[in-house]
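Visitor: Below: one structure in C-alpha cells.
The numbers here are math on the coordinates, done by the rules we state, and not lab data. Keep in mind the model is a prediction, meaning the values are calculated, not measured. Note that each Cβ is placed from the backbone with ideal geometry, even for glycine, and that neighbours are counted across all protein chains shown.
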Ligand code: ADP
C-alpha cells in the first residue's frame, strides 16, 4: 500500500450500554503514516471506541480494513487481520524473557507444527523488532524486571511481531518519566510511518509534540478533527476542556 492509502475506515460506530449511548455515530478514517491522537474528557468514549474496533464490546456501524468488515468478528480474528491494541496496564508475561514474549506473540497466528519446525536462534523479524523497540540488549532479561516504559515498548513489540499494521494504544505514556515519554514518541513515529497508530491520551504536551492529527470526542461523539493547531483553536474543544 502506498503513502496515504486507507488502513482503517470506521463509519457510524455506535455502542450502547444498557440504553446509555457511550459512542454515537463515530467516523474515523486512518491512513498509512497517521499518528492519530484520540482525546477528550473522561468518559467521552475513547476507550470504548478502541474496544468496539477490537471486538471487545458489541457495536453497530462499519469498521473496514482493506475491504474486510471487522465488526461482528471475534477478537482473535480482528487481531489476525492486523489490528493490535494495548491496554492501560501493560500485559506482558513477567516470568518469561523479552525474547520469549516476542516469540509467543509471533507464534500466536501460527500452527503448532510451524512452531515445532522453527530453527533455533532469533528470527530476523524478531531481531528487527527488538531493535525497533530499543530492547535488543535486554532480549534475555526476564520481562518482570523491566522498567515501566520498557514493558510498554515490549507490548508494542508484541503487536509488531504479530504483524499489526493498525495499532490502538490506550494511554501508552501514563506513568512514564519525561525521558521515557520522549522515547515512546520517537518509537511511535518510527512505527507509525508505515502503519497507522491511534493513541488515546491525556498528556497534552505529548500530543502536541507527536500527533500528526487529532480526533476529539465528547459525550460519545466526534466534536472536532484536524491538526493539533486546528483542534486547539476550535471553540467546541475549548468548551469541553474548560468544563472539566
Ligand atoms: P474514556 O475512555 O473517554 O474516558 P470510556 O470509553 O471509558 O471513556 O467510557 C465512556 C462511557 O461509557 C462512560 O460514561 C463509561 O462510564 C461508560 N462505560 C464504559 N464501559 C462500560 C461498560 N462496560 N458498561 C457500562 N458503561 C460503560
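Visitor: Given the -39500 (n - 2.57) contribution per DSSP H run of 4+ residues, what per-residue ellipticity at 222 nm results for the chain, rounded to the nearest 500 deg cm²/dmol?
Guide: Mean residue ellipticity, 222 nm, calculated: -10000 deg cm²/dmol.
Visitor: If you don't mind, there's one more thing I want to ask. How far apart, in nanometres, would the label points at residue 127 and residue 27 be if each is projected 7 angstrom from Cα along the Cα-to-Cβ direction?
Guide: 4.7 nm
Visitor: I would also like to ask the following. Give me the one-decimal Kirkwood hydrodynamic radius in Å for the stretch 6-242, with the sum taken over alpha-carbon pairs.
Guide: 18.4 Å
Visitor: Now, a different point. With both bridge residues required to lie in the chain, what share of the DSSP beta bridges run antiparallel, to the nearest 5%?
Guide: 55 percent
Visitor: Assuming 0.36 nm per residue, please report the length gained on full extension of the stretch residue 236 to residue 87 beyond their Cα-Cα distance.
Guide: Difference between extended and current length: 50.8 nm.
Visitor: Now, a different point. Evaluate the distance, in nm, between pseudo-label points positioned 7 Å from the Cα of residue 18 and of residue 56 along their respective Cα→Cβ axes.
Guide: If labels sit at residue 18 and residue 56, their model points lie 1.9 nm apart.
Visitor: Then there's this: Largest first and in whole Å, what are the equivalent-ellipsoid semi-axes of the stretch 93-233 based on the Cα gyration tensor, each being the root of 5 times an eigenvalue?
Guide: Those come to 32, 17, 12 Å.
Visitor: Follow-up. Given springs between every Cα pair under 10 Å in a Gaussian network model of the chain, which of 23, 122, 166 has the largest fluctuation?
Guide: Residue with maximal mean-square fluctuation among 23, 122, 166: 122.
Visitor: Follow-up. Could you rank the peptides 77-87, 139-149 by their average count of other C-beta atoms within 10 Å per residue, with the highest value first?
Guide: Taking the mean over residues of other Cβ atoms within 10 Å, the ranking is 77-87, 139-149.
Visitor: Give me the extension gain from residue 141 to residue 174: residue separation times 0.36 nm, minus the current Cα-Cα distance, reported in nm with one decimal.
Guide: Roughly 9.5 nm would be gained on extension.
Visitor: Over its Cα atoms, what ratio of radius of gyration to 2.2 N^0.38 Å does the stretch 1-76 give?
Guide: Cα-based Rg divided by the globular estimate yields 1.11.
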